[in-house]
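Throughout, read-outs are computed from the coordinates displayed, never taken from laboratory work. What you see is a predicted model; the values in this text were computed from it and never measured. Note that we place each Cβ from the backbone using ideal geometry, even for glycine, and neighbour counts take in every protein chain shown.
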Amino acid sequence: MASSSRSQFSSRFGFIMAAAGSAVGLGNVWGFPTQAASNGGAVFLIVYLCMVFLLAYPMLVAEMTIGRYGQSNAIRSFRAGWPKGQLGAILLGVVGLVVVSLILSFYAIVAGWLMGSFADSGMNLFGIHDHTHWLTTFSTSRNLILMVTFMLLTMYVVRNGVADGIEKWSTRLMPLLFILFFVLTAYIFTQDGAMEGLKMYLIPDLSHLTPELCVSAMGQAFFSLSLGVCVMTTYGSYLKKDANIPKTAAQVALIDTGVAFTAGLMVLPAMFVAKQNGVQIFSDTGALLNSDTLVFDVLPAMFNTMGIVGALVGAIFFLLMIIAALTSSISMLEVPVSCATEELKLSRNKAVLFIGGLITLVSAIVVVNFSDLFGLVVTFTTVYSQPIIALLITLIVGWIWNRNQILGELKQGCPDIEQGWFWKIWPWYVRVVCPILMLLVFFA
Ligand code: PFF
């Protein structure tokens, strides 16, 4: 299956930054903290951590292993791992790439809003307050223009290929993201009210523990690690044969979880700093305001109460979100693009233009019918499709692949794996425990 002329990540660091770049996104910086805030803080954090280590990490290893074995796009990699089920493998790959394209179609809309908020904070910083209203006010024209801008940026990076596009941009942007994150979190901690948020985040109140919370935490963990949509299979296929997959996957999962945890350390205290500054964060019924209100209204309102420093902090915050979104969106576009270049023999330029254009069109349809379609697309892709496809991928690895095939693949880059605990646990864990756990949580 391997083709020698195929692109690869040039270094293990590059791969880790790209895969962590895919994983670290709006799901971490926005989704996780706001879900934690509205689900009792610490309890959500604990359940989420369990979901990442008990379910998402073993599945991440499974997805990367299939990709590295196939050394090809997701469709062909599934076929390589499932020789007797060619039709099923093709179907799974196609469904995966449709779902990931749909995720990109809503992700680009949200990323567009972030670009608007970033431009607004930047202009405030320079004392420009006129004409900025459009950037932060919901309208079809704003949503369309900003979404198209973000899609063009994504297409530009992916057009440059795996090493010169995705890897180069991820290795530049991810360290910058970590630095901005650190600065911002440290700053929030110096503000009055921050400790109240910290308490909510770190002291568990078990009365919040419900089956719904477990389902939300599972969905969040899958979304956060970009599972079930062939991204990690595709990135795994660009991984060199001497890379140690369990270790690399653990590093990616740790970075992703570390960023989500830190985002909680930043956003929950920031909410209470905002409250201290007179900004409303709870509705009249005592419930937390919904998540987009938090990020797009509450936090900017807090930045506004801090004068010029606030404008700078606001600009940094939104820049950080845009970087996180871009390193994720490029991984999404790469999935269908790699299929089109290898299956349809299109040039990368054409594939990016054609597929990126198509996703932009779908996204525009969602923008124009926002109230009917946006929530629907989010729920269909993230609540249902991602966990189900992830389950199917695990079943291929657990039940269809034979032990020697998997061992052979994992041994490359990790020759003594047979002696370690990972090898004793992981195969049956993926085969039995992961599917049962998922079904339990799903039907709960
Ligand atoms: N993991 C990204 C986040 O946390 O924002 C979202 C994501 C990226 C989902 C890539 C799916 C995907 F294929």
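Between W134 and K199, residue separation times 0.36 nm minus the direct Cα-Cα distance comes to 19.7 nm. Lys-Lys pairs in the chain that are eight or more residues apart or on separate chains and whose Cα atoms lie under 18 Å of each other come to 7. With neighbour counts taken as other beta-carbon atoms within 10 Å, the residues S329, S226, S38, S139 rank, fewest first, as S139, S38, S329, S226. The loop-placed trypsin sites (Lys or Arg not before Pro) in the stretch 342-444, going by DSSP, that have at most 14 neighbouring Cβ atoms within 10 Å of their Cβ come out as K345.
For the chain, the longest principal axis of the C-alpha atoms and the axis of helix 42-51 are separated by about 10°. Here the stretch 369-444 and the stretch 213-283 have alpha carbon centers that stand 17 Å from each other.
Remark: H131, H208 ranked as H131, H208, counting other beta-carbon atoms within 10 Å and listing the fewest first. At an R0 of 30 angstrom, the distance between the Cβ atoms of K411 and L361 translates into a FRET efficiency of 0.10.
Whole-Hz Karplus values for the stretch 65-80 come out as 5, 4, x, 5, 5, x, 6, 7, 5, 4, 4, 6, 5, 5, 5, 5 Hz, taken residue by residue from phi with 6.51 cos²θ - 1.76 cosθ + 1.60 and θ = phi - 60°; glycine and proline positions read x.
The long axis of helix 307-343 is offset from the longest Cα principal axis of the chain by roughly 20 degrees. In this structure, N402 and V148 have a Cβ-Cβ separation that, at R0 = 45 Å, corresponds to a calculated FRET efficiency of about 0.40. Fully extending the segment from L91 to K424, taken as 0.36 nm per residue of separation minus the present Cα-Cα distance, adds 116.7 nm.
When shorter helices are ignored and each DSSP H run of at least 4 residues is given -39500 (n - 2.57), the per-residue value for the chain at 222 nm works out to -22500 deg cm²/dmol. In terms of its C-alpha gyration tensor, the stretch 183-271 comes out oblate, because a/c is 1.5 or above while a/b does not outweigh b/c.
Would you please state which residues of the stretch 388-403 a label at K84 would reach in this model, taking the label point 7 Å out along Cα→Cβ and a backbone N cut-off of under 20 Å? From the stretch 388-403, the list is 392-403. Listed from fewest to most Cβ neighbours within 10 Å, the set C214, C434 follows the order C214, C434.
What FRET efficiency do you get for Q280 and V98 if R0 is 35 Å and r is their Cβ-Cβ distance, rounded to the nearest 0.05? According to the calculation, E is roughly 0.30.
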